[in-house]
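Enquirer: Next up is a structure, given as structure tokens.
The values are calculated or read from the model by the stated rules, or taken from the named source; none is laboratory data. Remember, predicted model here, so these are calculated numbers, not experimental data. For neighbour counting, all protein chains shown are included, and Cβ atoms are generated from backbone atoms with ideal geometry for every residue, glycine included. The area values use the complete protein model at the heavy-atom level, side chains included, leaving out ligands, DNA and RNA. Shrake-Rupley method; radii C 1.70, N 1.55, O 1.52, S 1.80 Å.
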Protein chains: 2
Amino acid sequence: MAADTGAGAADRFHRWLAAQKQHTDMLVRQVALEDLAGWNAEPGTGNLVHETGRFYSVEGLDVHLPGAPVERWQQPIINQPEVGILGILVKEFDGVLHCLMQAKIEPGNHNGLQLSPTVQATRSNYTRVHKGAEVPYLHYFRDTSRHQVLADVRQSEQGAWFFRKRNRNIVVQVTEDVEVREGFTWLTLHQLHELLMLDDLVNMDARSVLACLPFTGPGLPQVLGTPADDFTAALVRSCDERADVPENLAGVLHWITDVRTRRDVVAERVPLRALAGWRRDDGRIEHESGRFFRVTGVDVAATGREVRAWAQPMIEPCGEGVIAFLARRIDGVLHLLVHAATEPGYADVVELAPTVQCTPAALDALPAGARPPHLDAVLNAAPERIRFDAVHSEEGGRFYHARNRYLIVETEEDLGAGAPDHRWLTVAQLVALMRHSHYVNVQARCLLACLHSLTARRSGPVQPSVALS
Amino acid sequence: MAADTGAGAADRFHRWLAAQKQHTDMLVRQVALEDLAGWNAEPGTGNLVHETGRFYSVEGLDVHLPGAPVERWQQPIINQPEVGILGILVKEFDGVLHCLMQAKIEPGNHNGLQLSPTVQATRSNYTRVHKGAEVPYLHYFRDTSRHQVLADVRQSEQGAWFFRKRNRNIVVQVTEDVEVREGFTWLTLHQLHELLMLDDLVNMDARSVLACLPFTGPGLPQVLGTPADDFTAALVRSCDERADVPENLAGVLHWITDVRTRRDVVAERVPLRALAGWRRDDGRIEHESGRFFRVTGVDVAATGREVRAWAQPMIEPCGEGVIAFLARRIDGVLHLLVHAATEPGYADVVELAPTVQCTPAALDALPAGARPPHLDAVLNAAPERIRFDAVHSEEGGRFYHARNRYLIVETEEDLGAGAPDHRWLTVAQLVALMRHSHYVNVQARCLLACLHSLTARRSGPVQPSVALS
């Protein structure tokens, strides 16, 4: 679909998406891990590895976090050392920045098609290990010499499920003509912001890359419209790096360095076979409590535009998660309560996470001290305090039906005061950190993309008129 | 010694330093590794470990760098996972920023005393594992709540000799009275800049922390004087983050991300016993070629203010190294040719290094392709092109007589043009990167401190009048 900014653009987008669903389909069937074609238990370790040695493996991790509510545990973890590319191609049409998005179906998506970046490819993908078709548009990200690179940073993904995984989040702006291939469409940031308010539509990789876009500054058009209300005005001021905020970035960097230096993490890869607290049963690996997550297998057959069949192990979380920022206006500037969180798969001790990030159903299997301090403030918030509320899916290529409720909840209380692991930051401070690796975790990045979508609540012609099922 | 900025300050400093040498001394004797008190070869691996399990160990590393001039090798490496503190306390006297420096003797220093940061302590030090005296001034860096933190970042050290070692480089500004203890003295940045021009006086840790100081900006007085000449004027402009430079930081970050994504590094810790290419002989471990470095043992006895005796293994490089930036004026702004270098001990594939960083005597044991591309341009530079030239010592707590010639050489040629691993950057760009970990290596940081010292070449009362032996 070519760039479309006129009246009725939202209707046309949803008709286009519905048409995509007719072109492509995917059959996904859960199967026992021992029956996964192409995957074997490695002799000795029992790690799940692909027969080519590529893609990824499921291994064990032994974790030691002295002083944490749970100091020591073992768990399965995905080891995927390759750095993949998550790239969005952007271009101005009539002075408005558009993003080339793809309707992509993935085995873990509970609803099939979602919007993904222009390119979403593992290194095995783009070096064509599995001999699939060439990745469309890849060359724009592999040779950027003729284009402008707006963002390019390797970012981590779920540290609870991935061992030090990073993907390259890259945004390339072109001025030349771009052929729009089947399954792709140009969308404005405004349209994407509106689509982020719908459940399960903008996928995790797209949310992550969108968050890495610098929202203001040279090289990028001003995307913020006239604020609709005081909250949005405070948000717009929070995005302005020149805002007179109580502390500068040096204070934030000092805090992060301090937490990273004081906190000890030992996470050692161990054999998947015989992890303490985990059992292999019914062809899957699950925790003895039945909580947290399962390692499960799927057989996949994709039909339609591209016909392929494969099998793979996936992580299936037990229950829907909650990912929430508490937001507070300080002197008219919106601040977010970030949490310096440790997850065993992080490369550098701590990353900045949302105020709350947990799976409530898992809490009964954990000591009381593991309950996130502000979970009740989030779950019991009065409706008028809830500024954003949508359910989004996580990486459908590795996670099976992993969904989280994304929330922005406004508060007037300084709930984080005095807590050494929480701190109120502006959006501009988080955007400055997101130019570098290992600072802002994937949940916080995704939620920042959602927060930015609130700037779409301005006067404008484009309103979504079709609810997605 | 209290703050001293008047005429004759340099003389008084050197008299103070000479007096320090009378208060303290250290006997250092090389001994066989098997005779090191408190250190043992770990059963099975042969790794050199301390009987407490603390401090550091000497292990083996198996390195694979596909596409590099040497693709595969093994070597000994120091494993020191603890993050130590390198802290400088600063305070204004009469509007001039002063740094509290320590005259510190270390076993690897060929000349005994050098100037070190206010605090230079491993975590074993400051948690008092070896039951020594409490570390003076440590509390200023452990609890910064009453002070201003000008810089706080964990920086890597030699990736050829350390496995992922990082120290916390921190600068804390106080306004309260500070007792000056024996062995400490206040020096202005101007004095430190002048002392950097002398050989073997400002130690590696001090150079590294000084480089992490933001040289301009809020919270820090302007330290740059009136430029003495066009070169210095171009240097001053290069330090100005608002300078109109050909590319912004986004381009630099894109380049770093690209190099880091394309280059593969596999560095796995292996047993020290039986490293390919290394032999254990005469109580030390050395390469079969006799080049690169040796692992050697020392017995140390410190006398004077603090009486202590201990033994430790050290790395002893075979020959003096060359560390050089080529510098070029582009539109009146000084640019430095940085090299995206891979060393096996880096945590993140690549760090930015000086244009040239090598030990010339080792080159005859390496293939021709390993010769640094601009080494001849540096070594054969006409004298009037050499803007800085001094020999400095590396970390005397781990390296035995490790000395490098630090050079800044001006060129008019665009020598790096088209080379994918080299790029011309301004000082401001490097300063922006040094706020974060893993971007600028220790050699480049030290050389940047030396480069800044050239701003001391302005009219002023303080000139060093005593050459140090």
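Enquirer: Which percent, to the nearest 5, of DSSP beta bridges fully inside the protein assembly as shown are antiparallel?
Expert: 85
Enquirer: Quick one: give the max-minus-min coordinate of the C-alpha atoms of the protein assembly as shown along each principal axis, largest first, in Å.
Expert: Over the protein assembly as shown, Cα extents along the principal axes are 84, 60, 56 Å.
Enquirer: Please report the net charge: other residues with Cβ closer than 10 Å to the Cβ of B:H436, K and R +1, D and E -1.
Expert: With Lys, Arg at +1 and Asp, Glu at -1, the neighbours total +3.
Enquirer: DSSP loop (so not H, G, I, E, B), at most 11 other Cβ within 10 Å: list which GluC sites (Glu not before Pro) in segment B:25-96 pass both filters.
Expert: Here the GluC sites (Glu not before Pro) that fit, given the DSSP loop and packing criteria, are B:E51, B:E71.
Enquirer: At 1.4 Å probe size, with the rest of the protein present, what percent of the exposed accessible area of segment B:52-198 is carbon and sulfur atoms?
Expert: 46
Enquirer: So, one more: Ordered shortest first, which distances in nm separate the 7 Å Cα→C-beta label point of A:E176 from those of the other copies?
Expert: 6.3
Enquirer: In square angstrom, what is the accessible area per residue of chain A with a 1.4 angstrom probe?
Expert: 39
Enquirer: Would you calculate, for the protein assembly as shown, the mean residue ellipticity at 222 nm contributed by helices, counting each DSSP H stretch of 4 or more residues as -39,500 (n - 2.57) and dividing by all residues, to the nearest 500?
Expert: Working: 20 runs with 176 residues, N = 938.
That comes out to -5000 deg cm²/dmol.
Enquirer: Taking the label point as lying 7 angstrom from Cα along the Cα-to-Cβ axis, what are the distances from A:E384 to the corresponding position in the remaining copies, in ascending order and in nanometres?
Expert: Spacings between copies for this position, smallest first, are 7.8 nm.
Enquirer: Kirkwood hydrodynamic radius, segment B:318-381, all distinct C-alpha pairs: what's the number in Å?
Expert: 13.1
Enquirer: Give me the accessible area buried between chains A and B, both sides summed, with a 1.4 Å probe, in Å² rounded to the nearest 100. Let's see the in-between values first.
Expert: On the way: alone 19460 and 19480 Å², together 36340 Å².
Accessible area lost upon association: around 2600 Å².
Enquirer: In µm²/s, what is D for segment B:1-80 at 4 °C and 1.567 mPa s, where D = kT/(6 pi eta Rh) by Stokes-Einstein and Rh is the Kirkwood radius from Cα pairs?
Expert: On the way: Rh = 17.5 Å.
In µm²/s, the coefficient rounds to 74.
Enquirer: Which percent, nearest 5, of DSSP beta bridges in segment B:74-183 are antiparallel?
Expert: Once the DSSP bridges in segment B:74-183 are tallied, antiparallel ones form about 70 percent.
Enquirer: Translational diffusion coefficient of chain B at 25 °C, 0.890 mPa s, Stokes-Einstein with Kirkwood Rh over Cα pairs, in µm²/s as a whole number.
Expert: Answer from the Stokes-Einstein relation: 107 µm²/s.
Enquirer: Got the relative contact order for chain B handy, in percent, Cα pairs under 8 Å and 6 or more residues apart?
Expert: For chain B, the relative contact order is 23 percent.
Enquirer: Can you give the % of DSSP beta bridges in chain A that are antiparallel, to the nearest 5? Could you put the intermediate results ahead of the total?
Expert: Details: 88 of 106 bridges.
Taking every DSSP beta bridge within chain A, about 85 percent pair in antiparallel fashion.
Enquirer: Sticking with this structure for a sec: Any idea what the A:E134 label distances to the other copies are, label 7 Å down the Cα→Cβ vector, nm, shortest first?
Expert: 6.9
Enquirer: Now for a different question. Taking Cα centroids, how far is segment B:30-66 from segment A:271-302 in Å?
Expert: If you average the Cα positions of each part, the centres end up 39 Å apart.
Enquirer: Another question about this same structure. I'd like the Kirkwood hydrodynamic radius of segment A:38-109, using the inverse of the mean 1/r over distinct C-alpha pairs, in Å.
Expert: About 16.6 Å, per the Kirkwood formula over Cα pairs.
Enquirer: In peptide B:141-150, what is the residue-averaged number of other protein chain Cβ atoms found within 10 Å of each Cβ?
Expert: Mean shielding by partner chains, rounded to a whole number: 2.
Enquirer: For the rotation bringing B onto A, which B residue has its Cβ nearest the axis, and at how many Å?
Expert: Taking the axis that maps B onto A, the answer comes out as B:H436, 3.
Enquirer: Okay, moving on. How about segment A:293-397: which trypsin sites (Lys or Arg not before Pro) there lie in a loop by DSSP and see at most 15 other Cβ atoms within 10 Å?
Expert: Those that pass, being in a loop and sparsely packed, are A:R305.
Enquirer: Counting other Cβ atoms within 10 Å, keep those with at most 15, restrict to DSSP loop, and tell me which GluC sites (Glu not before Pro) in segment B:367-423 are left.
Expert: Passing both the DSSP loop test and the Cβ count: B:E412, B:E413.
Enquirer: Could you tell me what % of all Cα pairs in segment A:67-135 have separations over 18 Å? Before the final figure, lay out each step's value.
Expert: On the way: 1440 of 2346 pairs.
Distances greater than 18 Å cover 61 percent of the Cα pairs.
Enquirer: Find the Cα radius of gyration of segment B:256-316, compare it with 2.2 N^0.38 Å by division, and give the number to two decimals.
Expert: Normalised Cα radius of gyration, segment B:256-316: 1.73.
Enquirer: Count the lysine pairs in the protein assembly as shown whose Cα atoms sit under 29 Å apart, keeping only pairs 8 or more residues apart in sequence or on different chains.
Expert: 15
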